[in-house]
1. Amide H of TRP189: which non-local residues (sequence gap of 5 or more, or other chain) have their own amide H closer than 5 Å, using H built in the peptide plane?
2. Springs between alpha-carbon atoms under 10 Å, Gaussian network over the chain: tell me which of PRO148, PRO18, PRO125 tops the mean-square fluctuations.
3. Using Cα-Cα distances under 8 Å and only pairs 6 or more residues apart, what relative contact order does the chain have, in percent?
4. From the helices alone, meaning DSSP H stretches of at least four residues, give me the mean residue ellipticity at 222 nm for the chain, per-run term -39500 (n - 2.57), in deg cm²/dmol to the nearest 500.
5. Nearest 0.05, what FRET efficiency do VAL92 and ARG44 give at R0 = 35 Å with Cβ-Cβ as r?
6. How big is the equivalent ellipsoid of the chain along its three axes, where each semi-axis is √(5λ) from the Cα gyration tensor, reported in whole Å from largest to smallest?
7. For the chain, take the longest principal axis of its alpha carbons; what is the angle in degrees between that and the long axis of helix 96-116, to the nearest 10 within 0 to 90?
8. Given 20 °C and 1.002 mPa s, compute D for the range 99-208 with the Stokes-Einstein relation, Rh being the Kirkwood radius over Cα pairs; round to the nearest whole µm²/s.
Amino acid sequence: MTRPPTAAQRRVIDAADPVTGRLRGTESQLTALVKRGLAFRHPRPPHDHFLTPEGHRVRQGITRVPEPEGSGEAPASTGVFAARVGGEEAVVDTSPARRREVHSAWQGLLELRRMTNPGGDVDRPCGWERTHLVRAAALALEAAGHGPAGREGPGYRVRETPQPEAVAVHEPDGEALRACAATLEGAGWQVSEHREPRGGTRYLLASPRRT
C-alpha cells in the first residue's frame with residue numbers, strides 16, 4: 001500500500017490555497033509531492049506548484065493517495081483511491097462515501113483545468129489528464145454516474161491503446177456505450193466508434209480535445 005504523506009508534506013498540502021490549490025514549500029517538498037502524484041509543476045513561468053485532484057482529496061481529509069499508472073490492465077485492489085477503470089477484483093463500491101470521493105475528484109480536476117488551461121478553459125482536458133489518460137477518462141465516466149464493470153459482467157472498461165493520447169472504452173451494452181461517448185464528448189474528449197477486427201464488437205476510441 002502506498003505510504004501516506006509525511007507530516008511535513010501534509011503541512012504543505014494543508015496550507016495550499018483553498019481555491020486554486022497553489023502550494024508553497026521547499027523545492028524538495030514540492031518535488032516529493034509531484035513524484036507521488038499529489039502536485040504538479042505548472043509548465044509556464046513562474047512554474048508554481050498546484051495540487052492535483054488526488055492532492056485536493058488529501059487536503060479535504062481523504063488521506064488515501066494515488067497508485068501509479070498501470071499497463072492498461074485493471075489495477076489490483078490495494079486500498080488506494082483511483083477512478084474505476086472497470087474489471088477490478090474488488091466489488092464495485094456504490095456507497096455514498098464513494099460518490100463523494102468521485103465528486104470531489106471531479107471538482108478538483110475542473111479546478112486543475114481552470115488553473116492550467118489557457119484562458120481558464122474548463123471544457124477541455126488539461127495537461128494532467130493527457131499524462132493520465134486511463135484514469136482521467138475513467139474519472140469522467142464514473143463522475144457522470146456510469147457503472148464500471150466488475151471482474152465479470154456489464155459496465156465500462158477503460159484501457160490503454162497503442163495510439164498516442166487515446167484510450168479504448170468497452171461497454172457490452174450498445175446504448176450504454178453511446179451514453180459513455182456522450183459523457184466523454186461533454187467532458188472535452190474527441191470520441192469515435194469502432195469495431196474490433198475479431199467478432200465485430202463495438203468500442204470507443206477517446207482522445208483529449210486540444211481546441
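1. Amide H neighbours of TRP189, under 5 Å, 5+ apart: ARG209.
2. Per the Cα network of the chain with a 10 Å cutoff, PRO18 tops the list.
3. Numbers: 355 pairs, mean separation 32.8, N = 211.
It comes to 16 percent, rounded to a whole number.
4. Details: 7 runs with 73 residues, N = 211.
It comes out at -10500 deg cm²/dmol, rounded to the nearest 500.
5. Working: r = 39 Å, r/R0 = 1.12.
With a Förster radius of 35 Å, E is 0.35.
6. Working: eigenvalues 178, 75, 40 Å².
Equivalent ellipsoid semi-axes, largest first: 30, 19, 14 Å.
7. Relative to the chain, helix 96-116 is tipped by roughly 70 degrees.
8. Details: Rh = 14.2 Å.
Answer, rounded: 151 µm²/s.
We did not get these values from a lab; they are worked out from the coordinates using the rules stated. Since this is a predicted model, take the numbers as computed values, not measurements. Virtual Cβ from ideal backbone geometry, glycine too; neighbours counted across all protein chains shown.
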